[in-house]
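Q: Dumping the structure here so I can ask a few things about it.
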Amino acid sequence: MAQEKKYKLGDLEFETEQEYREAAADLKRIKGIVDKYNVDDPQQAKKILASIKAHPETFRSPYGRKFVVKLEKAAGVTGASFSETGAQTGKKDRKEKREKKAHRKSEKPAKRTQSSADGTEKEKFQIFTPRNFAIGVVIVACVVIFSIFAPRLFSLNNSGDNNGDIRRNMVIAYAKNQAELKMQLYSYYFSVVGQTEEEAEKDVQEGLSHYVLDLSDRTVGTMSDSEIADIYSQLVEGGDIQNNSFVEPSEITVLKDKLLAAGLSGNTGNGIEGETAVEAAINSMMDYQYRIYTALCYHYSLLGNAKEYAQSYANEDLASMFGEVIYNYKMTMDEKQTYFDSFVKRGLIKDNQVVRFSSDPTAYHLPELTPEIEASFSGEEAASYQCSMISYAPAASVFYEIHSGKKKGYICFRNNGGNKDYIQVDDETSVTAQGDFYMVVGSETHSGKWFHNKQNIGILINGDHSSYISYVHNLTY
């Protein structure tokens, strides 16, 4: 008689391959928990125990129960512990399985013995009798009827809805959904959160541990019917499948909400289902930069600049705002990933969305003029103007349209001073130039450096700092 195969894992020996697989799976789960949490900390141990209690089928082997005992000791659990209850239930289940198996084996010899005894008692009979002929006719008729109606019956009963097919289809769908979620979670932790590969993989495994079983890296399609049936029963017992429908763990729902907010839901990152999150973000950034570039070119042209100069100023502003100017680039996927990472570090892309600049110029230390201003140059009498901002994204520069009767013009403040040039306002006060200043009204033009001068905006023109623009706070505009 051949010796029965045994399975060993560490210091434990198992009678069946299924028990061996369960122990190996438990060891993998334990390693993931130990890597992520401090299991000796009472508070963390209690949280882990609460999660295990909510999913009783988390551990199915002696290794798992030993780990639960360790958690209970760390958490200070007293009385009837969860590990004892689980162990008793597990022992009871295994005892019932062994009894059923032994019962089935004992029945088979008895049936064979009974069949053999009955055979010896039967009397010989003649084959060609009227009775046997009638029986033959009935059998032939049944065969004919069966051959006519059997295909119809099988087409109804074998349409893929029998129990075996249902179980296999559901387990395959379960594994496929996990594999897709695994890829999405990795993209989220690595690309959006900015974790290292190792950190991202740990958090992905922790996320998938909320399922009863992790089938994301298993080839389910080649499994035998008995393996599928066993997995299906575990999913039903664990609560992930009820009435042949999937029941998503609440923790998984929370993770999917995060993916949806980050633009990763339904996207595995391989471009199979359209644009990846990285491509969508970079394409959106290119469009946003081009909109700002077009507006800046137009505004600089209003000051009388030729096209090439207006474009040069616009590109300078874009470089100041974004660091990388990419609106007219043709890029490979690798290049898009590089720029994506750069913009994420600069805070210009967050959760796979472009972070747009504020419409408030003071957020970037640029002046926000009142609806009415007064301007004086080189000691001349101040002139009043109606004023309104026309900038699309006033971050590197801000433009205003001004009116005085029939006279119309434009003012530009640039944020390109770099705190380099110092201006001596008086014997005791010196300030830094904030950037370039331009003003055009009809045929009159002024250019210089602007700076903060008490309650006014000072203008330095050819070394003279007497020019200024003052705010008019008039509530009856």
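The values are calculated or read from the model by the stated rules, or taken from the named source; none is laboratory data. Worth saying up front: this structure is predicted, and the values here are computed from it rather than measured. Counting neighbours? That spans all protein chains shown, and the Cβs are built from the backbone with ideal geometry, glycine included. Quick note on the areas: whole protein, heavy atoms, side chains included, nothing else; ligands and nucleic acids left out. Shrake-Rupley method; radii C 1.70, N 1.55, O 1.52, S 1.80 Å.
Q: If you roll a 1.4 angstrom probe over the protein chains with everything in place, what fraction of the accessible area of region 315-403 belongs to carbon and sulfur, to the nearest %?
A: In region 315-403, the share of accessible area belonging to carbon and sulfur is 44 percent.
Q: According to a simple spin-label model (label point 7 Å from Cα along Cα-to-Cβ), what is the distance in nm between residue 432 and residue 138?
A: Going by the 7 Å Cα→Cβ label model, 10.9 nm.
Q: Apply the Karplus parameterisation 6.51 cos²θ - 1.76 cosθ + 1.60, with θ equal to phi minus 60°, to every residue of region 199-210 and state each ³J(HN,Hα) to the nearest whole Hz, in sequence, with x for glycine and proline.
A: These are the phi-based 3J(HN,Hα) values: 5, 5, 5, 4, 5, 5, 4, 5, x, 5, 5, 6 Hz.
Q: Still on this model: When N is the residue count of region 283-358, what does its C-alpha Rg come to as a fraction of 2.2 N^0.38 Å?
A: 1.17
Q: Related question: In nanometres, what is the gap between the two model label sites at residue 18 and residue 363, each 7 Å from Cα along Cα-to-Cβ?
A: Each label point lies 7 Å from its Cα, and together they span 6.1 nm.
Q: Amide H neighbours of residue 350 under 5 Å, at least 5 residues apart or on other chains, H built in the peptide plane: list them.
A: 355
Q: Residue 424 to residue 312: extension gain in nm, 0.36 nm per residue of separation minus the Cα-Cα distance?
A: Between residue 424 and residue 312, full extension yields an extra 37.2 nm.
Q: Then there is this: Can you tell me which of 305-313, 169-177 comes out highest on packing, and rank the rest after it, using the mean Cβ neighbours within 10 Å?
A: In decreasing order of mean packing, 305-313, 169-177 become 169-177, 305-313.
Q: Turning to a different aspect of this structure: Over the Cα atoms of region 344-477, how large are the radius of gyration and the largest Cα-Cα distance (Dmax), in Å?
A: My reading of the Cα-based Rg and Dmax gives 16.2, 53 Å.
Q: Mind ranking 388-395, 182-189, 38-45 by how tightly packed they are, going by the mean number of other C-beta atoms within 10 angstrom, highest first?
A: Highest to lowest by the protection proxy: 182-189, 388-395, 38-45.
Q: Could you compute how much accessible surface residue 240 exposes when probed at 1.4 Å, giving the result in Å² to the nearest 10?
A: Counting only protein heavy atoms, the figure is 10 Å².
Q: Mind checking Rg over Rh on region 275-429, alpha carbons, Kirkwood formula for Rh?
A: 1.06
Q: Full-extension gain between residue 392 and residue 372, please, as 0.36 nm times their residue separation minus the C-alpha to C-alpha distance.
A: 5.1 nm
Q: Taking amide H positions as placed 1.01 Å from N in the peptide plane, with prolines and chain starts having none, which residues 5 or more places from residue 397, or on another chain, fall under 5 Å of its amide H?
A: The list, which skips near neighbours in sequence, is 415.
Q: Same structure, new question: Of 47/182; 28/73; 66/258; 307/449; 73/256, which ones are farther than 30 Å apart at the Cα?
A: Cα-Cα > 30 Å for 66/258; 73/256; rest within.
Q: Here's a follow-up. Measure off 7 Å from each Cα along the Cα-to-Cβ vector at residue 454 and residue 36, then give the distance between these two points in nanometres to one decimal.
A: The answer from the label model is 6.4 nm.
Q: Something else now. Highest mean first, what order results for 350-363, 448-461 on Cβ atoms within 10 Å?
A: The most tightly packed comes first, giving 448-461, 350-363.
Q: Next question. Using a cut-off of under 20 Å, list every residue of region 352-391 whose amide N is near the label point 7 Å from the Cα of residue 466 along the Cα-to-beta-carbon line.
A: Hits in region 352-391 for residue 466 at 20 Å: 374-384.
Q: For region 313-405, what is the Kirkwood hydrodynamic radius in Å, using each pair of distinct C-alpha atoms?
A: 16.0 Å
Q: Moving to a separate point now. Once ligands and nucleic acids are excluded and a 1.4 Å probe is used, how much of residue 401 is accessible, expressed in Å² to the nearest 10?
A: 40 Å²
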